[in-house]
Amino acid sequence: MKVWVYLGLGLLLALLLPGAVLAQRSVGDVTADEVNAVARDLFCPTCESTPLDVCPTQTCQDWRDLIRQQLAEGKSKPEILDYFAANFGPQVLSEPPRQGFNLTVWVVPVVLLLLGGGIFSFSLYRLKQAGTALPAPAATQSPPPKTNTTLDPYREQIERELGVGE
Amino acid sequence: MAEISTNPNATTDEAQAAADVSPPLVTPLRAAALVGLFALLALLGWGLVNSNRSRPIEGGPAPRFTVQYYDGYEWQGKTSSTLDDFAGQIVVLNFWASWCVECRYEADLLEDTWRAYRDKGVLFLGVAYVDVEPKSRGYLTEFNVTYPNAPDLRGLISKAYGITGVPETFIIDQQGQVAYIHIGPITEQTLYQQIDRLLQN
């Protein structure tokens with residue numbers, strides 16, 4: 001029985017150790033690609049609209065070093081992004097967090113798109129309705145057959161003399 | 001005459017038909033679209049006003065803020081303070097960063113002046129602008145800074161003061177009013193002159 005317990009513990013350790021080793025790496029082991037995978041979702045705080053992964057300033061270099069350090073400590077990408085947002089404000093994120101007033105950034109374009117699509121479809125529908133409705137009045141408003149009631153007695157007399165309709 | 005008597009009816013019908021075909025000027029859809037447009041413009045205007053909110057002016061009230069000090073750079077043993085905690089003192093609020101080259105020109109001056117005035121009711125407070133803590137600490141150690149220092153968490157303080165870059169220095173008087181604003185590295189003459197002026201008041 002004891003042998004099984006020791007075997008089980010050994011197996012558990014064998015499974016957990018690599019994870020522990022991975023969680024704590026040396027800073028030098030973190031590759032530039034790993035750093036840039038996080039950095040591209042952040043923006044340089046001191047320059048205009050420059051993603052962190054392509055920013056040449058000292059500030060960005062410092063931030064990339066910090067990302068490298070946090071990756072080495074085993075932090076995940078969302079954890080690192082949260083850290084930067086908490087310390088430097090959500091404006092450093094390339095994608096604003098989907099909460100509070102920031103929701104307008106996500107909601108307004110969709111609403112505008114739906115609204116625009118609705119107006120466009122409705123306008124098309126109205127145009128189509130108008131297109132089918134317009135010829136109809138033209139047809140009904142064709143001039144009525146001309147009749148002259150003053151000529152009717154003469155026409156009746158001619159028809160009678162000619163024997164038409166008899 | 002009979003033709004004349006039948007035509008008025010025909011023209012009335014045509015006018016009625018025309019009135020039925022032409023849409024009214026204001027439809028519910030157009031009204032909704034207009035309301036939506038105005039709402040969007042109002043939203044944009046609000047954002048514009050907020051983003052261009054004017055920075056404090058000399059003689060105006062200093063924006064309130066809260067700082068959470070770096071370990072080892074606290075004020076009177078407190079880990080955090082608000083501007084109201086400094087009431088009655090002259091506050092020299094300096095925005096800096098470890099990556100800022102010009103900040104280095106004034107670092108020694110600020111520390112020396114702090115040591116000269118710390119017992120005369122003058123408080124120096126450094127606020128690190130978009131700086132990573134290890135670098136900030138390295139800078140503070142390099143220049144032997146001893147006055148209270150804090151990071152500008154979420155950029156709230158620099159936003160409230162509308163700074164245009166670093167270094168920038170705001171001197172706040174004993175009543176919480178902005179007495180002097182300096183953009184760029186401050187000189188010894190200016191710093192002493194401004195502090196002395198306020199101490200004499």
Point to revise | Of residues in the stretch B:167-183 being open to solvent by 30 Å² or more (accessible area, probe 1.4 Å) and outside any strand (DSSP E or B), the one farthest from B:Phe124 (Cα to Cα) | key: B:Gln175
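Let's see how each residue does on (1) farther than 28 Å from B:Ala150 by Cα; (2) at pLDDT 95 or above:
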site	(1), (2)
A:Ala14	yes, no
A:Ala20	yes, no
A:Glu34	yes, yes
A:Cys44	no, no
A:Ile67	no, yes
A:Pro97	no, no
Point to revise | Qualifying position, being of a type in the set (Lys, Arg) and at pLDDT 95 or above, among B:Lys78, B:Lys159 | key: B:Lys78
Exercise for review: Mind checking which strands (runs of 3 or more DSSP E) fall wholly inside the stretch B:53-127 and carry at least 1 residues that are more than 16 Å from B:Ile171 (Cβ to Cβ) and within 14 Å of another protein chain (Cβ to nearest Cβ)?
Suggested key: B:66-68
Practice item. For the stretch A:104-114, state whether one or more residues are closer than 27 Å to B:Thr66 by Cβ and more than 11 Å from chain B (Cβ to nearest Cβ). Key: no
Review point. So B:Thr164 fits all but one of (1) within 14 Å of B:Val92 (Cβ to Cβ); (2) loosely packed, with under 15 Cβ neighbours inside 10 Å; what number is the exception?
Key: (1)
Review point. If only one of B:Glu106, B:Glu111, B:Glu142 is open to solvent by 30 Å² or more (accessible area, probe 1.4 Å) and in the same structural domain as B:Ile186 (by TED's automatic domain parsing), which one is it?
Key: B:Glu142
Check your understanding: Is it true that some residue in the stretch A:23-41 is in a loop (DSSP other than H, G, I, E, B), out of contact with any helix residue (DSSP H, G or I) (no Cβ under 6 Å at 6 or more places or on another chain), in contact (Cβ under 8 Å) with a residue 24 or more places away in the chain and closer than 30 Å to B:Ala33 by Cβ?
Key -> no
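Within the bounds of the stretch B:158-169, is there any residue that is in contact with a Leu (Cβ under 8 Å, 6 or more places away or on another chain) and hydrophobic (A, V, I, L, M, F, W, C)? Outline the logic, then answer.
Step one: filter the stretch B:158-169 for residues in contact with a Leu (Cβ under 8 Å, 6 or more places away or on another chain), giving B:161, B:169.
Filter again for hydrophobic (A, V, I, L, M, F, W, C), leaving none.
No: zero hits.
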Check your understanding: Restricting attention to the stretch B:114-139, and to residues there that are surrounded by fewer than 22 Cβ atoms within 10 Å (Cβ to Cβ) and among the acidic types (Asp, Glu), which single residue is nearest to A:Phe88 (Cα to Cα)?
Key -> B:Glu133
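For the stretch A:35-42, state whether one or more residues are within 11 Å of chain B (Cβ to nearest Cβ) and surrounded by 13 or more Cβ atoms within 10 Å (Cβ to Cβ). Break it down stepwise before answering.
Looking only at the stretch A:35-42, we keep the residues that are within 11 Å of chain B (Cβ to nearest Cβ), and these are none.
Within the stretch A:35-42, none of the residues are within 11 Å of chain B (Cβ to nearest Cβ) and surrounded by 13 or more Cβ atoms within 10 Å (Cβ to Cβ).
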Point to revise | Inter-residue pairs, beta-carbon under 6 Å, first at the interface with chain B (Cβ under 7 Å from one of its Cβ atoms) and free of Cβ contacts under 8 Å to residues at least 60 places away in the same chain and in the stretch A:49-71, second open to solvent by 40 Å² or more (accessible area, probe 1.4 Å) and part of a helix (DSSP H, G or I), 6+ apart | key: A:Asp62/B:Lys135
Practice item. Please find, within the stretch B:145-161, the residue that is farthest from B:Ile181 (Cα to Cα) out of those that are within 13 Å of the chain's Cα centre (by Cα) and open to solvent by 60 Å² or more (accessible area, probe 1.4 Å). Key: B:Arg154
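The values are calculated or read from the model by the stated rules, or taken from the named source; none is laboratory data. Values in this document were obtained by computation on a predicted structure and should not be read as measured data. Counting neighbours? That spans all protein chains shown, and the Cβs are built from the backbone with ideal geometry, glycine included. To get the accessible areas, we keep the full protein, side chains included, count just its heavy atoms, and leave off ligands, DNA and RNA. Shrake-Rupley method; radii C 1.70, N 1.55, O 1.52, S 1.80 Å.
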